[in-house]
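Quick notes on the structure that follows.
The values are calculated or read from the model by the stated rules, or taken from the named source; none is laboratory data. Since the structure is predicted, the reported quantities are computational estimates derived from the model, not experimental observations. Cβ placement follows ideal geometry from the backbone for every residue including glycine, while neighbour counts extend to all protein chains displayed. Calculation scope for accessible area: heavy atoms of the full protein, side chains included, ligands and nucleic acids excluded. Shrake-Rupley method; radii C 1.70, N 1.55, O 1.52, S 1.80 Å.
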Amino acid sequence: EERAFIAESRAAVHEATGAEVVGWCGQDFNESARTPALLTEAGFAYTTDWANDDRPYLLGPYAGKHLLALPPQPEWNDLECMWLRRVTPPVWADGIAEGFSYLHHEGGAVFNLTLHPFVAGQAHRIRYLADALSRILGRSGTWRATTDQVARHAAAQL
């Protein structure tokens with residue numbers, strides 16, 4: 001049943017976007033003990049379901065192959081913070097900028113900012129996102145990349 005759900009999900013995203021689907025993001029970081037092996041079997045390169053680090057790492061092996069864990073940071077996810085926890089937009093934006101600053105100084109970490117237009121994109125919140133992004137993107141040595149790009153880079157390093 002889970003195998004079929006993974007295949008149906010991939011097909012739906014491909015149909016909607018036309019893009020090759022190589023990464024997996026499960027609902028609410030939720031999965032079974034079998035999910036990483038099933039994702040590997042289905043040919044996925046990475047998952048963003050493991051929010052336990054700030055650096056990518058490998059899961060497995062599953063049938064001789066590894067699945068890249070590309071950790072998200074729920075503390076910066078707009079839905080997690082502002083929608084579910086009711087963190088105010090200014091506090092959320094400061095958390096984003098401060099978290100990025102620390103990881104940038106530390107070096108080597110991945111800063112994964114998950115945004116939902118119906119949350120951060122609202123008129124009363126968007127200026128806080130713009131402020132946080134200006135504080136982040138003004139730093140030298142910052143690579144703006146998609147999750148797929150980061151996953152390819154990280155996998156080549158591991």
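I'm trying to understand the selection: among the residues of the range 122-143, which are at pLDDT 90 or above and open to solvent by 40 Å² or more (accessible area, probe 1.4 Å)? Within the range 122-143, GLN122, ALA123, HIS124, ILE126, ARG127, TYR128, ALA130, ASP131, LEU133, SER134, ARG135, LEU137 qualify.
The lone criterion from (1) assigned to a loop (DSSP other than H, G, I, E, B); (2) surrounded by 18 or more Cβ atoms within 10 Å (Cβ to Cβ) left unmet by ALA51 is number (2). Do you know which residues across the range 65-100 are in contact (Cβ under 8 Å) with a residue 24 or more places away in the chain and under 14 Å from LEU133 (Cβ atoms)? Selection gives TRP76, ASP78, PRO89, TRP92, ALA93, ASP94, ILE96, ALA97, GLY99, PHE100. When each of PRO74, PRO61, PRO90 is tested for being out of contact with any Asp or Glu (no Cβ under 7 Å at 6 or more places or on another chain) and not in a helix (DSSP H, G or I), the lone residue that passes is PRO61.
Table: residues versus (1) over 28 Å from ASN30 (Cα atoms); (2) out of contact with any Phe, Trp or Tyr (no Cβ under 9 Å at 6 or more places or on another chain); (3) in contact (Cβ under 8 Å) with a residue 24 or more places away in the chain.
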| site | (1), (2), (3) |
| --- | --- |
| ARG55 | no, yes, yes |
| ALA63 | no, yes, yes |
| LEU113 | no, no, yes |
| ARG135 | yes, no, yes |
| ALA145 | no, yes, no |
| ALA151 | no, no, yes |
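Residue check: is GLY43 out of contact with any Gly (no Cβ under 8 Å at 6 or more places or on another chain) and surrounded by 14 or more Cβ atoms within 10 Å (Cβ to Cβ)? For GLY43, the condition - out of contact with any Gly (no Cβ under 8 Å at 6 or more places or on another chain) and surrounded by 14 or more Cβ atoms within 10 Å (Cβ to Cβ) - is not met. Any idea which residue in the range 147-158 is most open to solvent (accessible area, probe 1.4 Å), counting only those that are over 18 Å from ASP54 (Cβ atoms) and not small (Gly, Ala, Ser)? Here the answer is ARG152. Here VAL13, VAL21 are screened, and the one residue that is among the β-branched types (Val, Ile, Thr), open to solvent by less than 60 Å² (accessible area, probe 1.4 Å) and within 17 Å of the chain's Cα centre (by Cα) is VAL21.
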